[in-house]
Amino acid sequence: MCEVCENVGYSGWSTSVLDTTSDPHPSSQRFHYILKELGKLHDKKQKDYGTDADPFNNIRASAKEWGIPAWVGAMLRATDKVRRLQKFADAGELANESVIDAFDDLAVYAVIARVMYEEAEAQPICNDCGQELPKPGDTHLCG
């Protein structure tokens, strides 16, 4: 049984991958620090864009209105961030958003797309034990 499932049980998607890193290399440490910061960014922004019942409500609603899968809707938003970064690469400046903000938003949209894809198209896998997971809201205990 994995540590997360053993200590707290399972009532959603695993996030233990963000908790520790065994790689002492400074670049890997920075990578994991940024992942934690991206989680905080998501939590902050979902208060403006999501609902208490669904942090991805805005993306799901837009995708439904356009008749596309929600994960595709998230990737369309990510593509906007890629375009912004391409403009920066060409012009060397951005008028309304920092390059770091664009990278952060791109990364968060990619993770949102993965979550939505797993929910809609694939059987999600526990990041800790490798077992197939039920849909969010169901319970899962590793082992």
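Within the stretch 113-122, identify whether any single residue is part of a loop (DSSP other than H, G, I, E, B) and at pLDDT below 95, and answer yes or no.
Let us first name the residues in the stretch 113-122 that are part of a loop (DSSP other than H, G, I, E, B), namely 121-122.
With the extra rule that they be at pLDDT below 95, the set shrinks to 121-122.
Yes, the conditions are met somewhere in the stretch 113-122.
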Practice problem: Name every residue in the stretch 60-100 that is in contact (Cβ under 8 Å) with a residue 12 or more places away in the chain and either part of a loop (DSSP other than H, G, I, E, B) or farther than 15 Å from MET116 by Cβ (or both), in order of residue number. | Solution: PRO69, LYS81, VAL82, ARG84, LEU85, PHE88, GLU97, VAL99
Exercise. Answer yes if at least one residue in the stretch 43-59 is among the aromatic types (Phe, Trp, Tyr), part of a helix (DSSP H, G or I) and modelled with pLDDT under 95, and no otherwise.
Key: yes
Quiz item: Taking the stated definitions as given, is SER98 of a type in the set (S, T, N, Q) and more than 23 Å from ALA120 (Cα to Cα)?
Solution: yes
Exercise. Of all residues in the stretch 62-87, count the ones that are in contact with a helix residue (DSSP H, G or I) (Cβ under 7 Å, 6 or more places away or on another chain) and closer than 16 Å to ALA107 by Cβ.
Key: 9
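Go through the residues of the stretch 71-89 one by one and say whether even a single one is acidic (Asp, Glu), farther than 15 Å from LEU38 by Cα and surrounded by fewer than 15 Cβ atoms within 10 Å (Cβ to Cβ).
Step one: filter the stretch 71-89 for residues acidic (Asp, Glu), giving 80.
Pick out the ones that are also farther than 15 Å from LEU38 by Cα and you get 80.
Cutting the leftovers down to surrounded by fewer than 15 Cβ atoms within 10 Å (Cβ to Cβ) gives us 80.
There is at least one residue in the stretch 71-89 that is acidic (Asp, Glu), farther than 15 Å from LEU38 by Cα and surrounded by fewer than 15 Cβ atoms within 10 Å (Cβ to Cβ).
The values are calculated or read from the model by the stated rules, or taken from the named source; none is laboratory data. Just so we're clear, the structure is a prediction, and the values are computed from it rather than from any experiment. Neighbour counts run over all protein chains shown; Cβ positions are idealised from the backbone, glycine included.
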